[in-house]
Amino acid sequence: MASSALGTILETLKSLADLEIATVVTDAGFLQLDDKGTIKFVAPPEAKQGAAGVYTRINLVGGDILNVVSKAYAPTESNSTSPVMAFHQTQVLASKEVIATNMKTLAELARLAGENFSELLKKPGN
């Protein structure tokens, strides 16, 4: 019981650790969400290339930030910010609220785990 409860808590913490923001622009294909919550781009067989867009992943624990920008939307000398990049940046800024909520959830999970873990260990069969 304790190991499954601990496993559930650890999986929940892992799912809260990374915030992913994807802005994809395409004429063909679609985004698909799998059973693990991962989003991937699925192109029909006749599509010649993947979708252009911007992707940001922020690791809330380590503070690492990864940005991936398609060449079509990368800043250039003549165009410092494309409309797609500007939109994506607003989404990243809006993620501050998501991050704050996730951090409160992490703190609450840690508090609950601390309060209840010793009780789980006391149950028969653990």
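Pairs are defined by a Cβ separation below 9 Å, a sequence spacing of at least 6 or placement on different chains, a first member in region 93-118 that is surrounded by fewer than 12 Cβ atoms within 10 Å (Cβ to Cβ), and a second member that is part of a helix (DSSP H, G or I); the pairs so defined are LEU112/ILE9.
Note on region 31-68: among residues that are at pLDDT below 75 and surrounded by 12 or more Cβ atoms within 10 Å (Cβ to Cβ), the one that is farthest from GLN91 (Cα to Cα) is ALA47. Contact map, region 57-69: first residue within 9 Å of ASP18 (Cα to Cα), second residue assigned to a loop (DSSP other than H, G, I, E, B), Cβ cut-off under 9 Å, separation 6 or more or different chains; pairs are ARG57/ASP64; ILE58/ASP64. Somewhere in region 96-107, is a residue within 18 Å of the chain's Cα centre (by Cα), modelled with pLDDT of 80 or more and not in a helix (DSSP H, G or I)? For region 96-107, residues within 18 Å of the chain's Cα centre (by Cα), modelled with pLDDT of 80 or more and not in a helix (DSSP H, G or I): absent. Filtering region 97-109 to residues that are among the hydrophobic types (A, V, I, L, M, F, W, C), closer than 17 Å to GLY62 by Cα and touching a helix residue (DSSP H, G or I) at 6+ places or on another chain (Cβ under 9 Å) leaves MET103, LEU106.
Only one of the listed residues (ILE9, ILE21) is part of a helix (DSSP H, G or I), at pLDDT 70 or above, within 18 Å of the chain's Cα centre (by Cα) and surrounded by 15 or more Cβ atoms within 10 Å (Cβ to Cβ). That residue is ILE9.
The values are calculated or read from the model by the stated rules, or taken from the named source; none is laboratory data. Just so you know, these numbers come straight off a predicted model, no measurement behind them. Backbone-built Cβ (ideal geometry, glycine too); neighbour counts: all protein chains shown.
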